[in-house]
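Following: one structure in structure tokens, then a few remarks.
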Amino acid sequence: MYKMIALFKQPSDPVRFDDYYFHVHIPLTKKIPGLKDINITKFKKGSPYYLMCEMVYESKEAFKVASQTPESKESGKDVMNFAGNLVTFLFGEDVDDGK
């Protein structure tokens, strides 16, 4: 599996962030063709990070195709508008653990 990971720093207003993120942004993101799963993790207080979202695709090629869709572009534009100063993106693939 190929993952695009959005790692968010602590927002100044967590309640407002959550409201927008879960009610506006995530519904936009779920429309991206080829997106297999979304896993969201909230970090404990005291962490420099607030939230992590893993967007899972079948492969890197599937991600590349999905990233060219209007739905993906809309989701990307949206996240930059409401959290561009908070988000860092990481990309990676699952690896075999050798068993």
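The values are calculated or read from the model by the stated rules, or taken from the named source; none is laboratory data. All values reported here derive from a predicted model rather than from experimental measurement. Note: ideal-geometry Cβ built from the backbone for every residue, glycine included; neighbour counts use all protein chains shown. For the accessible areas, the whole protein counts, side chains as well, though only heavy atoms, and no ligand, DNA or RNA atoms are used. Shrake-Rupley method; radii C 1.70, N 1.55, O 1.52, S 1.80 Å.
Out of curiosity, is K73 surrounded by 15 or more Cβ atoms within 10 Å (Cβ to Cβ) and of a type in the set (K, R)? Spelling it out, it is not the case that K73 is surrounded by 15 or more Cβ atoms within 10 Å (Cβ to Cβ) and of a type in the set (K, R).
Every condition in (1) in contact with an Asp or Glu (Cβ under 7 Å, 6 or more places away or on another chain); (2) open to solvent by 60 Å² or more (accessible area, probe 1.4 Å) holds for V56 except the one numbered (2). Give the residues of the range 23-37 that are under 14 Å from E54 (Cβ atoms), open to solvent by less than 80 Å² (accessible area, probe 1.4 Å) and not aliphatic (A, V, I, L, M), sorted by residue number. If the condition is that a residue be under 14 Å from E54 (Cβ atoms), open to solvent by less than 80 Å² (accessible area, probe 1.4 Å) and not aliphatic (A, V, I, L, M), then T29, D37 are the ones that fit.
Residues considered: Y49, Y20, Y2. Of these, the only one that is touching a helix residue (DSSP H, G or I) at 6+ places or on another chain (Cβ under 9 Å), open to solvent by 30 Å² or more (accessible area, probe 1.4 Å) and among the hydroxyl-bearing types (S, T, Y) is Y20.
The conditions of being acidic (D, E), more than 12 Å from the chain's Cα centre (by Cα) and at pLDDT 95 or above are met by D18.
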